[in-house]
1. Kindly indicate whether Ser138 is out of contact with any Lys or Arg (no Cβ under 8 Å at 6 or more places or on another chain) and of a type outside the set (Val, Ile, Thr).
2. Looking only at segment 217-230, decide whether some residue is acidic (Asp, Glu), in a strand (DSSP E or B) and more than 30 Å from the chain's Cα centre (by Cα).
3. Given the conditions (1) among the aliphatic types (A, V, I, L, M); (2) open to solvent by 50 Å² or more (accessible area, probe 1.4 Å); (3) more than 26 Å from Leu222 (Cα to Cα), report the number of the one that Ile154 does not fulfil.
4. Going by the structure shown, is Gly121 without any contact (Cβ under 8 Å) to a residue 12 or more places away in the chain and at positive phi?
5. Any chance segment 86-100 includes a residue that's touching a Gly at 6+ places or on another chain (Cβ under 8 Å), modelled with pLDDT of 95 or more and not charged (D, E, K, R)?
6. Quick check, is Leu222 of a type in the set (A, V, I, L, M) and at pLDDT 95 or above?
7. State whether the residues of segment 77-87 include one that is closer than 27 Å to Asn297 by Cβ, open to solvent by 70 Å² or more (accessible area, probe 1.4 Å) and in a strand (DSSP E or B).
Amino acid sequence: MSSSDNPDTVTDRGLFGKKKEDDKKKEEEEEKEEGGGGFIEKVKDFIHDIGEKIEEAVGFGKPSADVSGIHIPHIGLHRADLVIDVLIKNPNPVPIPLVDIDYLIDSDGRKLVAGLIPDAGTIHAHGEETVKVPISISFDHIKDTYGDIQPGSIIPYLVRVILLVDVPIFGRIKIPLEKSGEIPVPYKPDVDVDKIKFHHFSFEETTATIHLSLENKNDFDLGLNLLQYEMWLGDDSVVNAELTESTKIVKQGITKMQIPFKFRPKDLGSAVWDMIRGRGTGYTIKGKIDVDTPFGNMKLPIDKVGGTTKLKKEDDDDDDEE
């Protein structure tokens, strides 16, 4: 009998052959699946690599910024104008828009001023620019809002700036910045006419000297450059002039000044004649001073209404203390 006539042998071959075919089919399917999955991954890797190469070649990156300085172009009795210089560097090959500038200034947690500047400009490609942020601080608002902030004091401040820029690939990003400093809350000086001494008297022209006291109630020195003033005795204006003498008015101190002037008694009213007779008379003095401070130049008003002074002879030194 040949082997083909053996039923057992035929059966074994049939089972083995079927198993072999199934295994082969399974391997082909697995290879197909593996081939498909590998292809997708390769495509993803290819796209990622291309993106990185494009980004690297084109040079896109996030901009940087810094507060390079804070200036006070104007400071007076009622407000201070600040300019914040923000240096922005753009490493990208295209201009980027500066969408918004959000700012806040506080002092020990007390908000002094806040605001938003929209559409603040454009930063040139591969360049850097200093963007100026103008801010005004109202001293009247500060004194009305915070009773513990006294006129004449120096207070700390913290500037917080947030830049919103629109950068290709990255989208809109925020750049937070901070800078601290100090700013004064100015107090106008007190002015008093201690006395008026005359040197030569005549009805046509009398020469005299005003003995003036200026009291600086601020916590910082004042460097006097200019004094402009007008003085009235009673209802009569006796002098309207300016003094360019430079002097230092120390913080929380009093500076004495002597200002020569001339007047015509015959043109004036009863207040001047009362002074000539040795009586006290009411006076008013108004004007302004131009001073240098550690925070910049200031122009501060001076005024005294309802004061009383006397006209003394030149040799009367009974109460001279200068």
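The values are calculated or read from the model by the stated rules, or taken from the named source; none is laboratory data. Predicted, not measured: the structure shown is a model, and the values here were computed from it. Cβ coordinates were reconstructed from backbone atoms using ideal geometry, including for glycine residues, and neighbour counts include every protein chain displayed. These area figures cover heavy atoms from the full protein model, side chains too; ligands, DNA and RNA do not enter into them. Shrake-Rupley method; radii C 1.70, N 1.55, O 1.52, S 1.80 Å.
1. Values: out of contact with any Lys or Arg (no Cβ under 8 Å at 6 or more places or on another chain): no; of a type outside the set (Val, Ile, Thr): yes.
In short, no.
2. Kept after step one, since they are acidic (Asp, Glu), are these residues of segment 217-230: 219, 221, 230.
Next, only the ones that are in a strand (DSSP E or B) stay: 230.
Now drop any that are not more than 30 Å from the chain's Cα centre (by Cα), which leaves 230.
Yes, segment 217-230 contains at least one residue that is acidic (Asp, Glu), in a strand (DSSP E or B) and more than 30 Å from the chain's Cα centre (by Cα).
3. The failed condition is (3).
4. Working: without any contact (Cβ under 8 Å) to a residue 12 or more places away in the chain: no; at positive phi: yes.
In short, no.
5. no
6. Numbers: of a type in the set (A, V, I, L, M): yes; at pLDDT 95 or above: yes.
Against the criterion (of a type in the set (A, V, I, L, M) and at pLDDT 95 or above), Leu222 qualifies.
7. Our first condition is that a residue be closer than 27 Å to Asn297 by Cβ; within segment 77-87, this holds for 77-87.
Retained after the next criterion (residues that are open to solvent by 70 Å² or more (accessible area, probe 1.4 Å)): 78-79.
Imposing the further condition that a residue be in a strand (DSSP E or B) reduces the set to 79.
Yes, some residue in segment 77-87 is closer than 27 Å to Asn297 by Cβ, open to solvent by 70 Å² or more (accessible area, probe 1.4 Å) and in a strand (DSSP E or B).
Each row is one residue, and each column tells you yes or no for (1) modelled with pLDDT of 90 or more; (2) out of contact with any helix residue (DSSP H, G or I) (no Cβ under 6 Å at 6 or more places or on another chain).
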position	(1), (2)
Asp106	yes, yes
Gly109	yes, yes
Pro134	yes, yes
Asp144	yes, yes
Gly152	yes, yes
Arg172	yes, yes
Pro186	yes, yes
Lys195	no, yes
Thr206	no, no
